[in-house]
1. Can you tell me which residue is surrounded by the fewest Cβ atoms within 10 Å (Cβ to Cβ) among those in the range 404-440 that are charged (D, E, K, R) and assigned to a loop (DSSP other than H, G, I, E, B)?
2. Which residue is farthest from residue 272 (Cα to Cα), if the candidates are limited to the range 514-529 and must be under 30 Å from the mean Cα position of the chain (by Cα) and of a type in the set (Gly, Ala, Ser)?
3. When residue 669 is evaluated against the numbered criteria (1) touching a strand residue (DSSP E or B) at 6+ places or on another chain (Cβ under 7 Å); (2) surrounded by 15 or more Cβ atoms within 10 Å (Cβ to Cβ), which criterion, by number, is the only one it fails?
4. What strands (runs of 3 or more DSSP E) lie completely within the range 648-740 and have 2 or more residues being over 38 Å from the mean Cα position of the chain (by Cα) and among the hydroxyl-bearing types (Ser, Thr, Tyr)?
5. Just to be sure I understand the filter: pairs with C-beta atoms under 6 Å, separated by 6 or more residues or on different chains, first member in the range 371-400 and in contact (Cβ under 8 Å) with a residue 60 or more places away in the chain, second member aliphatic (A, V, I, L, M) and surrounded by 15 or more Cβ atoms within 10 Å (Cβ to Cβ). Which pairs pass?
6. Any residue in the range 487-503 that's over 16 Å from residue 468 (Cβ atoms) and surrounded by 15 or more Cβ atoms within 10 Å (Cβ to Cβ): show its pairings with residues that are at pLDDT 95 or above and β-branched (Val, Ile, Thr) at Cβ separation under 7 Å, as long as the two are six or more apart or on different chains.
7. Can you find, within the range 681-714, the residue that is farthest from residue 734 (Cα to Cα) among those that are in contact (Cβ under 8 Å) with a residue 12 or more places away in the chain and of a type in the set (Ser, Thr, Tyr)?
8. Are any of the residues in the range 358-368 closer than 28 Å to residue 87 by Cα, in contact with a Phe, Trp or Tyr (Cβ under 9 Å, 6 or more places away or on another chain), polar (S, T, N, Q) and part of a loop (DSSP other than H, G, I, E, B)?
Amino acid sequence: MKRADEDCENGFMIPLISPRVPITFGLDYYSRLLKVGPTGRGWEERHFGAYLTEFERGDVKINWTTNRYNFFQKNEQGGYQARQIKCHFDRLVKNVDNSFTLTRHSGKVYQFNAIGKLLEISNSKGQSLELSYDSAGRLSTVTEPVSGVFLTYAYNAAGLLETVTDPLGREARLEYDAQQNLIKITNAAGQSTTYTYDELGQTLTGTNAQGQVLFHNTYNKDRRIIKQSDGTDEWRYNKKWQLLYKPSQFSYATDPGTGKIINTRVHTRLNGTHTYHFNDDWKVIKFNKGLRFSNEIIEYRYNENGKRSSVIDSKGNTTAYEYDANGNLITITDAAGQKTRRTYDANNNLLSVSNALGKQTQLDYDDQNNLIRLTDPLGNSTRYTYNNNGQVLTQTLPRGGTTTYAYKNGRAVRFTNPQGVSYTLDYDAVGRLTTLTDVEGHTTTLAYDGMNRIAEVTNPLGHSVSMTYDSRHNLLTTTDASGNMTRRSYDAQGNLISQINALGQETRYEYDGEGYLLQMIDALGRVTSLLYKFSHIDYVINPLGNRQYFQYDEAGNLIRRSDASYRTVMSLSYNKRNQVTQVTDALSNTTHFEYDASGRLVKTTDPLKRVTQFKYDDLSRLEESVDALLGKSSQTFDASGNRNSLTDPNDNTTQFEFDSSGRLVQETLATADKVKYTYSARDVLVSMTNARGQAREFEYNAAGRLTRWTDPDGSVAYTYDPNGNVLTVKDDKGTISRQY
């Protein structure tokens with residue numbers, strides 16, 4: 001089932017790259033919430049439409065949009081308590097100037113003035129967006145104050161939003177009919193989506209810029225969708241008369257006393273029926289994934305505050321959740337009974353996470369809720385500092401290497417690695433990265449289309465790759481630096497149906513009504529076919545006509561793979577965590593797997609009863625393995641996570657040394673021989689010196705491709721085409737040439 005906005009929500013937005021808080025214009029549509037707002041009937045501005053109303057007795061209603069709102073009841077102490085369960089952990093405060101501050105459990109803060117206008121939205125760090133209004137009280141601008149990035153809103157004579165414009169002058173344009181229905185949305189790239197409506201103002205169809213009908217809705221007398229098709233009401237079959245598509249249909253069951261919906265059934269395009277059961281708060285308490293040959297069930301439980309307390313899967317395995325008094329998740333108990341624990345500070349910042357083995361990661365914050373120290377279970381700490389805008393200034397690794405960042409207008413314009421090497425960045429007026437320049441002055445350039453999609457990337461040699469997209473952000477064409485183009489096309493569901501390479505060779509794809517791949521036909525006409533059962537692959541037919549069959553358990557885990565004669569090739573078993581515990585091959589040879597409380601593989605037993613064991617450090621990195629002959633291999637790590645030693649079963653140890661940027665600078669073999677490495681400021685390897693003092697040196701072009709290496713025995717040189725393919729390899733004996 002689709003909402004109408006699922007086929008247009010990304011098609012007309014203007015996303016801006018704000019340095020601290022993103023600004024994005026977008027709309028949502030609800031077919032049963034038809035009160036007319038600034039964007040017409042049923043359509044609502046996604047982010048900045050909130051306003052507050054205070055009633056005479058002191059109660060408050062906060063509208064998130066024209067049609068959606070929550071109530072806060074004033075109590076005897078002068079505070080407010082949310083009536084709806086979803087806002088139980090939100091905190092509303094009336095300030096001395098009669099303005100209001102709403103702090104949501106997520107940390108997002110809304111500032112309303114005394115007449116209920118939303119003036120500011122900020123996060124827990126105080127990073128904010130500012131809103132202003134025209135003389136008619138309509139939203140006119142949204143601004144990120146540090147960068148100055150903004151959106152401006154303009155309205156038509158009827159007071160409906162007509163255009164949204166960014167600093168580059170890009171527009172999203174909205175058009176309406178006489179009944180104030182939004183009938184056309186044109187995005188910043190000039191791509192339009194159009195809509196039609198019934199007499200009640202509910203959407204009937206949506207059509208994208210490619211002329212594809214995205215949906216066609218049919219409603220019942222209660223104004224609920226009962227059928228939805230993708231532009232056609234026809235049932236479709238393949239050549240074998242297998243059902244490919246039929247319109248989705250919906251049915252509803254209501255409580256006889258209250259009239260509230262207690263379940264919704266979705267009759268899928270492939271004759272399956274999915275049933276969603278709801279509680280009084282519209283939360284899903286049971287999901288029946290009813291398909292043609294199965295009925296998978298997942299159940300959900302909630303606590304008194306509406307927080308999910310448990311999930312029971314189709315195999316009866318339960319995952320449980322516990323919360324503190326502020327609604328923060330503090331314990332997760334998996335199906336095997338293992339617990340992960342969390343703690344929080346008074347501002348709901350995560351302070352610690354302890355795994356099932358009791359190993360703890362700790363987090364520390366400053367007064368602005370910025371993370372200033374992250375300490376792993378081994379006691380290694382990474383530290384951060386910030387500027388006044390809450391942006392990272394420095395990151396210092398446990399071994400002491402520090403990366404620093406510099407900003408201009410809130411955007412990172414330079415970062416410097418622990419070796420003191422800097423890279424510079426530049427942006428356009430809406431905050432999109434346009435150039436990245438390394439310490440040697442080599443620049444990579446990026447260009448964008450109207451929807452902030454990368455349209456061209458140019459490397460330091462001036463070679464470019466370009467891309468185009470359709471209105472749904474699907475990649476249509478890719479043109480490489482030599483002018484070779486790859487073309488793609490999609491169906492109305494956004495599924496890739498054709499890809500044609502630069503030689504004109506086409507690969508085609510066919511899907512069923514739910515978007516599952518049915519056939520892939522390559523450029524030589526070779527066909528790979530797939531058939532599904534229970535929404536999983538039932539069998540695959542390769543181009544030679546050979547079949548493989550697959551079988552799954554209730555949780556969707558593969559439990560058997562069979563050949564064309566239904567002979568078992570492989571069978572698998574799982575534990576309550578859905579981890580593989582046993583694999584048996586076609587000759588009945590079985591391998592067993594065992595795990596620790598944290599779900600890490602600790603033991604394998606092969607069909608000959610040979611045992612391999614694994615040991616991990618407190619960061620779950622493999623520390624040691626012992627094979628069936630008791631041969632032990634081990635590795636160790638430094639405080640920053642670099643592997644600094646590797647020991648084989650013969651007790652030969654190789655040691656590794658790294659610089660403060662994490663680059664390997666020396667390798668000491670078990671024989672005590674040393675290999676040394678040096679790097680350029682661009683972080684590319686420029687020399688490697690062996691234990692005899694013999695050096696191999698490396699040279700690169702501006703794009704970072706190897707052009708020559710030289711050692712005491714001679715040199716080898718390389719040339720490339722604009723796409724980076726090797727054209728020639730030249731050594732002292734001659735030249736090898738290649739063509740593409």
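The values are calculated or read from the model by the stated rules, or taken from the named source; none is laboratory data. Nothing here was measured: the structure is a model prediction, and the numbers come from that model. Because the Cβ atoms are built from the backbone with ideal geometry, glycine has one as well, and the counts that use them run over all protein chains shown.
1. Taking the range 404-440 and keeping what is charged (D, E, K, R), we get 408, 411, 414, 426, 428, 432, 438, 440.
Of the ones still in play, those that are also assigned to a loop (DSSP other than H, G, I, E, B) are 428, 432, 438, 440.
On the way: 428: 15, 432: 16, 438: 19, 440: 12.
Looking at residues that are charged (D, E, K, R) and assigned to a loop (DSSP other than H, G, I, E, B), I get 440.
2. 529
3. If we test residue 669 against (1) touching a strand residue (DSSP E or B) at 6+ places or on another chain (Cβ under 7 Å); (2) surrounded by 15 or more Cβ atoms within 10 Å (Cβ to Cβ), just (2) comes out false.
4. On the way: elements: 653-658, 664-668, 674-679, 685-689, 695-700, 706-711, 714-720, 726-731, 734-737.
The qualifying strands (runs of 3 or more DSSP E) are 653-658, 685-689, 714-720, 734-737.
5. If the second residue must be aliphatic (A, V, I, L, M) and surrounded by 15 or more Cβ atoms within 10 Å (Cβ to Cβ), the pairs left are 380/639; 389/146; 398/639; 399/639.
6. Between residues of the range 487-503 that are over 16 Å from residue 468 (Cβ atoms) and surrounded by 15 or more Cβ atoms within 10 Å (Cβ to Cβ) and residues that are at pLDDT 95 or above and β-branched (Val, Ile, Thr), the close pairs are 491/497.
7. 689
8. yes
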